[in-house]
Amino acid sequence: VFRTPVIAIDGPAAAGKTTVSKAISDKLGIGYVESGRTYRLVAYHAIREHVPLTDEHALTALCHRMLSSSPIALYQTDAATARALRSPSVTRAVSVVAKLPGIRTAITDLTRKIVEHIGPAIVEGRDIGTAVFPNATTKIFLSATAEVRAKRRNRQEPDRGYAEILADINRRDELDRDRQHSPMTPAPDATQIDTTGLTVDEVISKVEAQCRLALTEKVT
Ligand code: CDP
Ligand code: CDP
């Protein structure tokens, strides 16, 4: 049977998932899907509509409402919304929303549908290789120490202090790692890359080599 080639990139915040995935998507001429963006969209709408983060029922209903309208359009947000999705308030709320099983199931379904729609793709998140695409062609798990990741994010967002960013990263790591439903953990067959001492280009080369190898193996 034909299976759409999928490259799964997982790992904690500021491990380099987005930077590496975009570069690989360009180099290999395949699609790119950022699953964290959908979780951020649910958190963003919950805040705007004053849905309490403790109300599982209301949050799940909000998520279903959002995804049932025009799911692919969720990816076509304007620049202001795109900025808001990365704001500290959304970043604080997102991992609480992402714990809820009803929301995880809905976003997993949506992510699969998007790939069905766009074809071969590199998909980044926390549970892509474990839960969303357990049969992915290639699985990569990027990591780095929390301190190095906080420094990287601080360079991207100089207005937020290093201490606040580090605290956010540690809190989110814990929530994402310890949740009951599809926690962040490397798939047993994932290649793990500790990027602490590596440059972006070094990580891209390693991931690209891994992807090309897997893609040719599947063809022959
Ligand atoms: O860019 P950054 O790594 O800071 O975060 P993101 O990829 O936008 O993901 C934001 C949050 O969404 C994560 O901290 C997780 O709580 C959640 N998420 C998830 O649970 N599963 C995914 N596949 C992707 C994101
Ligand atoms: O998507 P994720 O949250 O995992 O990380 P990112 O937004 O792609 O990367 C965070 C920042 O770290 C970016 O500015 C990268 O250029 C930088 N960086 C990296 O990703 N990998 C390295 N080995 C060194 C720096």
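The values are calculated or read from the model by the stated rules, or taken from the named source; none is laboratory data. None of the values given here were measured: they were computed from a predicted structure. All Cβ positions, glycine included, derive from the backbone under ideal geometry; neighbour counts span all protein chains shown.
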Subset of region 7-46, residues over 28 Å from V148 (Cβ atoms) and touching a strand residue (DSSP E or B) at 6+ places or on another chain (Cβ under 7 Å), comes to I30, G31
Is one or more of the residues making up region 142-162 part of a strand (DSSP E or B), at pLDDT 95 or above and either under 29 Å from P101 (Cα atoms) or not small (G, A, S) (or both)? yes
Those residues of region 173-195 which are out of contact with any strand residue (DSSP E or B) (no Cβ under 8 Å at 6 or more places or on another chain) and either in a loop (DSSP other than H, G, I, E, B) or within 17 Å of T138 (Cα to Cα) (or both) amount to R179, Q180, H181, S182, P183, T185, P188
Within region 103-124, restricting to residues that are more than 11 Å from ligand 1 (Cβ to nearest atom) and among the charged types (D, E, K, R), the one that is surrounded by the most Cβ atoms within 10 Å (Cβ to Cβ) is R112
Flagged pairs (Cβ under 7 angstrom, 6 or more apart or on separate chains; first in region 27-45, in contact (Cβ under 8 Å) with a residue 60 or more places away in the chain; second within 8 Å of ligand 1 (Cβ to nearest atom) and part of a loop (DSSP other than H, G, I, E, B)) are Y39/A98
Here the residues within region 72-90 that are in a helix (DSSP H, G or I), modelled with pLDDT under 95 and of a type in the set (V, I, T) are I72, T81
For region 76-105, the count of residues that are free of Cβ contacts under 8 Å to residues at least 40 places away in the same chain and either more than 16 Å from ligand 2 (Cβ to nearest atom) or of a type in the set (A, V, I, L, M, F, W, C) (or both) equals 8
Expected single match for closer than 23 Å to G197 by Cβ and either buried (at least 20 other Cβ atoms within 10 Å of the Cβ) or within 11 Å of ligand 1 (Cβ to nearest atom) (or both) among R171, R177 is R177
Of (1) within 16 Å of ligand 2 (Cβ to nearest atom); (2) closer than 30 Å to K206 by Cα; (3) in a helix (DSSP H, G or I), L110 satisfies every one except (1)
Of (1) under 14 Å from the mean Cα position of the chain (by Cα); (2) in a helix (DSSP H, G or I), A13 fails just (2)
